[in-house]
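Peer 1: The following block contains the structure, expressed as structure tokens.
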Amino acid sequence: MLVLGLETSCDDTAAAVLHDGKELLSNIINDQTSVHSKYGGIVPELAGRSHIDQIHKVILQSLKSAKVELREIDLIAVTVGPGLIGSLLVGMNAAKGIAYGLGIPLIGVNHLEGHLLAIFLQNKIEFPFISLVVSGGHTDIYRVNNFGQYKILGRTRDDAAGESFDKVAKMLGQKYPGGPIIEKMAKDGNPEAHKFPRAYLEKGSLDFSFSGLKTSVKTYINKRQTYKQGDLTDNDIAAGFQDAVVEVLCKKIIMACEKEGLTRVVVTGGVAANGSLRKAVESVCERSGFKSWFPAPVLCTDNAAMIACAGYHKFNSTPELKADLLNLDASASLVID
Ligand code: KG4
Ligand code: ZN
């Protein structure tokens, strides 16, 4: 089965062709960094316009790169939420047009389910497992029981981890997206130079909170500017901040495993591309006798391969979905459970 996946939930216009749920034939991503970077974050109206401009080019490129004709596609999988509504509608309507024109089924995919299942593009993991989805919009811990069977165990109560990376980068005068920049700066900084606060919340909680950490970094930077107090370099701040985020994520992963009695861990979403996080999770899991997996960095950040993969599994495990596919609607605040 050939699946064409489309993803336009935020600031990446992406299309991918997937064969039989695992053989990735193409994975094209047009990121809008140059459109948004000068604003220090994503401008929704500009994101939607850029998707309109790019979507057909990206689809054609994904077919060409996969050496597949459009008429050979068997199923279209498209992100229908959560995300920016104007952006979601571009991908969804492109998908509807193609599915209607070819007379083939169309399946709507939750963006988070895409992140959760991205790991199956390269790995075979036994259910159940713990999955941390850590991105610009979400920091959620799930128990994944099977395809389509997810139990949320914890989520952020304020900022997502990726959002805090982006905000701290902005405070340090850096561009969007801040995650990869902070990671690079942290390599030249000393994480021990200043211990920024870690929020663990009430005992046993698997929820997260990153806004206190963000405020603490802001306070430090302000003091440094206004009163010339504190001697941390920007790189030390980046390293200290990253260390705080990584430590909290690692501790909550181990807590989730212990609470659920599971030993398999997947970390996914844009922040899972971070080398320090990957290393730290691997090491804490090893110490506890657990095993960890991460999608390749390019499959951690937003992409359409993960949507094609989730669509493939959803389509094959839920036959009743095949009927009313053109009635799909997008939802900015779609939930998963
Ligand atoms: O999954 P994603 O591409 O989009 C959302 O669904 O949000 O994640 C984007 C987020 C951004 O906040 C970006 O700064 C962060 O992931 N990110 C990183 C790294 N690469 C991307 N954060 C830390 N280290 C990285 N290497
Ligand atoms: Zn995402």
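Peer 1: Determine which member of the set Gly269, Gly275 is of a type outside the set (A, V, I, L, M, F, W, C) and buried (at least 22 other Cβ atoms within 10 Å of the Cβ). Lay out the reasoning, then the answer.
Peer 2: Values: Gly275 fails: buried (at least 22 other Cβ atoms within 10 Å of the Cβ).
Among Gly269, Gly275, only Gly269 is of a type outside the set (A, V, I, L, M, F, W, C) and buried (at least 22 other Cβ atoms within 10 Å of the Cβ).
Peer 1: Still on this structure, I have one more. For residues that are more than 16 Å from ligand 2 (Cβ to nearest atom) and buried (at least 19 other Cβ atoms within 10 Å of the Cβ), scanning just the stretch 1-20, find the one that is nearest to Lys64 (Cα to Cα).
Peer 2: My answer is Val17.
Peer 1: Exactly one of these conditions fails for Ser283: (1) away from ligand 2 (no atom under 15 Å from the Cβ); (2) of a type in the set (Ser, Thr, Tyr); (3) touching a Gly at 6+ places or on another chain (Cβ under 9 Å). Give me its number.
Peer 2: (3)
Peer 1: Testing Val78 on (1) over 16 Å from the mean Cα position of the chain (by Cα); (2) within 16 Å of ligand 2 (Cβ to nearest atom); (3) within 12 Å of Ala304 (Cβ to Cβ); (4) of a type outside the set (Gly, Ala, Ser), one condition comes back false. Which one is that?
Peer 2: That leaves (1) as the condition not met.
To keep it simple, each residue is scored yes or no on (1) surrounded by 21 or more Cβ atoms within 10 Å (Cβ to Cβ); (2) at pLDDT below 95; (3) closer than 14 Å to Trp293 by Cα; (4) away from ligand 2 (no atom under 15 Å from the Cβ).
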residue: Leu112; (1), (2), (3), (4): yes, no, no, no
residue: Phe127; (1), (2), (3), (4): no, no, yes, yes
residue: Tyr142; (1), (2), (3), (4): yes, no, no, no
residue: Asn145; (1), (2), (3), (4): no, no, no, yes
residue: Leu153; (1), (2), (3), (4): no, no, no, yes
residue: Arg157; (1), (2), (3), (4): no, no, no, yes
residue: Gly173; (1), (2), (3), (4): no, yes, no, yes
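Peer 1: Quick check on Val245: is it in the same structural domain as Ile181 (by TED's automatic domain parsing) and not in a helix (DSSP H, G or I)?
Peer 2: no
Peer 1: Could you please let me know if Gly270 is over 19 Å from the mean Cα position of the chain (by Cα), modelled with pLDDT of 95 or more and assigned by TED's automatic domain parsing to the domain that holds Glu202?
Peer 2: Spelling it out, it is not the case that Gly270 is over 19 Å from the mean Cα position of the chain (by Cα), modelled with pLDDT of 95 or more and assigned by TED's automatic domain parsing to the domain that holds Glu202.
The values are calculated or read from the model by the stated rules, or taken from the named source; none is laboratory data. Just so you know, these numbers come straight off a predicted model, no measurement behind them. Positions of Cβ are backbone-derived with ideal geometry, glycine not excepted, and every protein chain shown enters the neighbour counts.
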